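Below is one structure, written out as structure tokens; comments come after it.
The values are calculated or read from the model by the stated rules, or taken from the named source; none is laboratory data. In this text, all values refer to a predicted model and were calculated from it rather than measured experimentally. A quick note on method: Cβ atoms are made from the backbone with ideal geometry, for glycine too, and the neighbour counts reach across all protein chains shown.
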Amino acid sequence: MKREEDCFISQQAREDLENLERYIEELSGFLPLPVCTINPAGLIIDANQAFKDLTKHKESYIIGQGIESLFEDKKLVRDFLKRVFEEEKVEYQEMVLCFQDKCDITVNVSARARKDSQGNIIGCFWAIFDISELKKLQENLEKKVEDRTKALEEAKSSLLNILEDTEEARKNIEQERNKTRAILVNLPNGLIVFDKQGRIIQINSEAERVLNLKEADVLNKTISQVSKSPNLTKLYQTLGGKIEWTGQKYELVLDEPLQRFFQVSIAPVVIKKEVVGLMIVLHDVTRGKEIERLKTEFVSIAAHQLRTPLSAIKWSLKMLLDGDVGSLMPEQLDFLKKGYESNERMITLVNDLLNVARIEEGRFVYDLTSQSLEEIIKKEIDELSKVIAKKKIKLIFDKPKRTLPKVEVDKEKISIVIQNLLDNAIRFNNPGGKVTISMEYDKINLKVIVKDDGIGIPKDQQKRIFDKFFRTNNAIRLETEGTGLGLFICKNIIKAHGGRIWFESEKDKGSIFCFTLPIKS
């Protein structure tokens with residue numbers, strides 16, 4: 001009977017160990033933070049999926065590879081490893097990651113020594129943060145930013161207490177626990193874990209610092225039970241007074257002692273396909289906000305400085321073209337027309353930059369009046385008649401068969417939206433192509449549809465189509481001119497009117513852009 005019990009305990013320990021190892025592997029794969037494990041010889045013995053994605057290497061190449069081979073400065077890596085094994089913890093060492101003979105990925109590396117149950121160092125963990133885009137922003141504020149710094153979302157779930165009877169099982173479980181603990185300690189983001197009842201069961205040191213509280217004061221309590229933490233209360237209010245997973249991201253602003261901005265996200269904690277709790281991740285985006293503010297300020301100042309000379313050039317060229325200073329030769333007129341058109345494009349660019357700056361600073365003022373959307377569309381079609389004729393586009397305005405109600409809009413701003421959508425449909429169409437614009441009414445909203453049979457939008461780039469300064473690869477190849485600001489401005493204008501804008505598209509098969517505006521009685 002004793003032997004059967006021992007066998008059962010041993011089998012249970014093995015199952016618990018397998019479950020823990022599978023859990024650790026799933027957690028490591030879920031984390032967007034690139035993490036790897038390195039032995040004392042400097043060889044990689046484990047790496048999560050985010051690490052493989054960052055280095056662009058397959059697991060068969062990474063495992064067993066010397067960590068220094070992935071970086072530009074080999075000596076720096078060796079010295080860093082030496083420091084980790086001597087000091088046990090080293091944070092925020094800047095390095096340059098290489099891929100296919102190109103060394104252009106700047107990263108911050110934090111590492112922590114890995115120990116066995118006797119306290120002997122048996123390797124180390126590396127956590128790698130890609131800061132390439134941040135470096136570019138620091139060096140060139142005026143450079144168009146195409147990629148936003150990706151918010152890091154890390155998570156962790158409480159480890160199960162495992163019953164083990166054999167010495168080998170206990171050693172393996174302790175090693176896995178140390179591995180997870182080291183990952184959590186190295187996380188630069190604040191992390192709070194809740195159980196199903198909404199009680200705080202885990203909070204890391206960064207969250208303690210950010211929220212100005214102690215773990216002992218909040219463990220096994222709900223947020224509403226923690227009354228002496230203004231920052232935690234503000235976080236709860238930011239989340240709408242409830243902790244639930246919606247996939248939405250929130251912005252938390254803390255004012256003490258200095259104003260800081262945090263991106264807040266909520267994710268489920270899943271064990272064996274069952275949601276056992278929720279976690280909140282607090283990512284400090286203060287520095288990115290400040291860089292965005294400085295960039296917007298720079299763009300606004302530069303655009304204002306350009307506006308006056310461009311206007312003077314415009315009217316000077318206009319006087320020459322109109323013959324106010326005498327007749328000109330055909331060749332001279334041709335040169336002046338090209339100069340005038342180039343100047344107009346520059347004025348459009350400056351206006352777009354100023355509009356973006358006003359939107360981001362909250363200064364994009366709306367003057368709402370009752371307007372006929374049909375008349376606004378007709379006017380914009382007339383404005384684009386020359387471009388339509390030049391590209392031999394067949395533009396069809398499928399007018400509504402009945403009189404549609406007017407809408408409360410800023411006529412100038414809505415004209416910008418329609419002009420941008422029509423201009424894109426024409427410019428990114430094929431010669432002789434077709435563009436259709438139509439309207440629908442469902443008693444709640446007016447809906448405008450702009451359809452073309454042009455180059456379309458590649459599927460892998462559709463998520464960024466409304467991002468500032470973003471242009472698709474096929475659009476750049478077809479039309480080198482452009483800023484990538486038009487759809488960003490359109491989205492903000494429609495949103496400010498209480499409407500919605502979206503699209504459907506397939507590469508080489510055209511696009512359908514739609515937006516709605518609410519009917520106000």
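Structural remarks
- From the options Asp442, Asp467, Asp452, residue that is within 17 Å of Phe397 (Cα to Cα) and charged (D, E, K, R): Asp452
- When restricted to residues that are surrounded by fewer than 13 Cβ atoms within 10 Å (Cβ to Cβ) and under 25 Å from Lys413 (Cα atoms), the range 380-395 contains 3.
- If the condition is being surrounded by fewer than 19 Cβ atoms within 10 Å (Cβ to Cβ), touching a strand residue (DSSP E or B) at 6+ places or on another chain (Cβ under 9 Å) and outside any loop (DSSP other than H, G, I, E, B), then the range 396-425 contributes Ile396, Phe397, Asp398, Glu408, Lys411.
- Whichever residue in the range 433-483 is buried (at least 20 other Cβ atoms within 10 Å of the Cβ) and more than 26 Å from the chain's Cα centre (by Cα) and, among such residues, is nearest to Asn420 (Cα to Cα): Val450
- Given (1) farther than 25 Å from Ile493 by Cβ; (2) outside the structural domain of Val210 (by TED's automatic domain parsing); (3) of a type in the set (A, V, I, L, M, F, W, C); (4) under 34 Å from the mean Cα position of the chain (by Cα), number of the condition Val264 does not satisfy: (2)
- Criterion violated by Lys228 - all others in (1) crowded, with 18+ Cβ neighbours inside 10 Å; (2) in a loop (DSSP other than H, G, I, E, B); (3) touching an Asp or Glu at 6+ places or on another chain (Cβ under 9 Å); (4) not β-branched (Val, Ile, Thr) satisfied: (1)
- Cβ pairs under 6 Å, 6+ apart, first in the range 334-357 and over 26 Å from Ile494 (Cβ atoms), second among the basic types (Lys, Arg) and assigned to a helix (DSSP H, G or I): Asn343/Lys314
- Filter result (hydroxyl-bearing (Ser, Thr, Tyr) and under 24 Å from Arg358 (Cα atoms)) within the range 479-521: Thr483, Thr516
- Pick from the range 423-439, criterion small (Gly, Ala, Ser) and out of contact with any helix residue (DSSP H, G or I) (no Cβ under 9 Å at 6 or more places or on another chain), ranking: farthest from Asp398 (Cα to Cα): Ala425
- Gln100 meets each of the listed conditions (1) within 21 Å of Leu43 (Cα to Cα); (2) modelled with pLDDT of 70 or more apart from (2).
- Condition broken by Gly498, with the remaining ones in (1) touching a residue at least 24 places away in the same chain (Cβ under 8 Å); (2) surrounded by fewer than 21 Cβ atoms within 10 Å (Cβ to Cβ); (3) in a loop (DSSP other than H, G, I, E, B) satisfied: (1)
- The range 263-301, subset closer than 12 Å to Val210 by Cβ and touching a helix residue (DSSP H, G or I) at 6+ places or on another chain (Cβ under 7 Å), residue surrounded by the most Cβ atoms within 10 Å (Cβ to Cβ): Leu282
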